[in-house]
Amino acid sequence: MATFLLQGIYPLGEKLRGLGTPPRALLLGILLGTLLGSLLGLAGARWWRLKPAGAPFAQGQGLQPLLAANTAAARRCARLLGTTEVLTLADPSNYGERRRRDQAGGRVPAAPSLVVLHETVLSLPDTLRLFQTPHPRDADQASYHLLIANNGTLFRLVPDQKRAFGAGWSAWGDATIRHRLADTPLAAGSINNVALHVSLESPADGRGDGDGHAGYSTSQYRSLAQQVLLWQLRWGIPMRRVSTHNAVDRSHSRRDPRSFRWERFDQAWRQAAQRCGVPERYGLEAR
Ligand SMILES: [Zn+2]
């Protein structure tokens, strides 16, 4: 085989022919080299499959960088705003742990770093009942961290530190987190591992599948803006990491919160930020 290879490589073959018959040691060396190279190649391919470096677990280089988390500032701001939560925890089958590693053992981000807005579609009592019902089947499990009733009351369903099942197949631009290898079933990424999910109670005319509805109350916008601000301070999240389920969904099946008005949110956010003396770098205009 080695001789054949040598003849195939024209200039080298010419050179060696000029030298006469290639020495046996040289042929043996080439044979061993080829064998070793193939083995190394195979091992390399295997390693790559087990540990896809970088790309398949890409965490979105283009995202606005996180700010420093400041729990003391968050607590102070919550006191100033008079924010309280009603504790109505979801059944444990409906939420889980933020995972620190993917299936191949690589580290994945697990700290809250994105805020996703939703609406319930269902009424408040029906939503609370749904999340407090145990759901053993993965496909039926759902939850948000917080729920905001029509009158602005905050209901705590899942602690921030836990992983709520708010957005299944989802991504932020091209940023997502995959826990399974890219070529295995159910490998499509989700942002749940780093998301904080908050849902607005839909108005009475928003129970169905319509394209829009009457929208959300002033109390809801106020509570939502205050909560987003507290999360921003607590976890160091800049405004451009706050988005909607509609914008992060990749399954083409979610488009909430319908009839949401960002300018009403922004107005409420500016008032809350002013009351807490929150610096500009948390707002929309921050670089
Ligand atoms: Zn949603």
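Of all residues being of a type outside the set (G, A, S) and without any contact (Cβ under 8 Å) to a residue 40 or more places away in the chain in region 68-91, which is surrounded by the most Cβ atoms within 10 Å (Cβ to Cβ)? Just the residue, please.
R75
Determine if region 151-163 includes at least one residue that is assigned to a strand (DSSP E or B), within 13 Å of the ligand (Cβ to nearest atom), modelled with pLDDT of 90 or more and more than 20 Å from W262 (Cα to Cα). So that I can check it myself, show each step before the final result.
Residues of region 151-163 that are assigned to a strand (DSSP E or B), as a first pass: 154-156, 162-163.
Next cut, within 13 Å of the ligand (Cβ to nearest atom) only: none.
No, there is no match, as no residue in region 151-163 is assigned to a strand (DSSP E or B), within 13 Å of the ligand (Cβ to nearest atom), modelled with pLDDT of 90 or more and more than 20 Å from W262 (Cα to Cα).
Filter region 110-121 for residues that are outside any strand (DSSP E or B) and surrounded by 16 or more Cβ atoms within 10 Å (Cβ to Cβ); which is farthest from the chain's Cα centre (by Cα)?
It comes out as V121.
Considering only region 199-236, state which residues are touching a helix residue (DSSP H, G or I) at 6+ places or on another chain (Cβ under 6 Å) and in contact (Cβ under 8 Å) with a residue 60 or more places away in the chain.
L200, E201, R222, Q226, L229, L230, Q232, L233, R234
When both residues are 6+ apart or on different chains and their Cβ atoms are under 7 Å apart, which pairs have a first residue that lies in region 241-255 and is touching a residue at least 60 places away in the same chain (Cβ under 8 Å) and within 11 Å of the ligand (Cβ to nearest atom), and a second that is aliphatic (A, V, I, L, M) and outside any strand (DSSP E or B)?
Correct list of pairs: H245/A167; V248/A167; V248/A171; V248/I191; D249/A167.
For region 89-109, which positions are assigned to a loop (DSSP other than H, G, I, E, B) and basic (K, R)?
Filtering region 89-109 down to residues assigned to a loop (DSSP other than H, G, I, E, B) leaves 89-91, 98-100, 102-106, 108-109.
Within region 89-109, R98, R99, R100 qualify.
One residue is enough: does region 120-136 have a residue meeting the conditions acidic (D, E) and in contact (Cβ under 8 Å) with a residue 60 or more places away in the chain?
Taking every residue of region 120-136 in turn, none turns out to be acidic (D, E) and in contact (Cβ under 8 Å) with a residue 60 or more places away in the chain.
Examine region 142-150 for a residue that is at pLDDT 95 or above, in contact with a strand residue (DSSP E or B) (Cβ under 9 Å, 6 or more places away or on another chain), away from the ligand (no atom under 16 Å from the Cβ) and of a type in the set (S, T, N, Q), and state whether such a residue exists.
yes
Select from region 106-122 the residues that are touching an Asp or Glu at 6+ places or on another chain (Cβ under 7 Å) and away from the ligand (no atom under 14 Å from the Cβ) and list them in ascending order.
Hits for region 106-122 are V108, P112.
Answer yes or no as to whether A139 is surrounded by fewer than 17 Cβ atoms within 10 Å (Cβ to Cβ), among the small types (G, A, S) and within 16 Å of the ligand (Cβ to nearest atom).
Judged against the criteria, A139 is a match.
The values are calculated or read from the model by the stated rules, or taken from the named source; none is laboratory data. As the structure is a prediction and not an experimental result, all values here were calculated from the model. With ideal geometry, Cβ positions are generated from the backbone for all residues, glycine too; neighbour counts draw on all protein chains shown.
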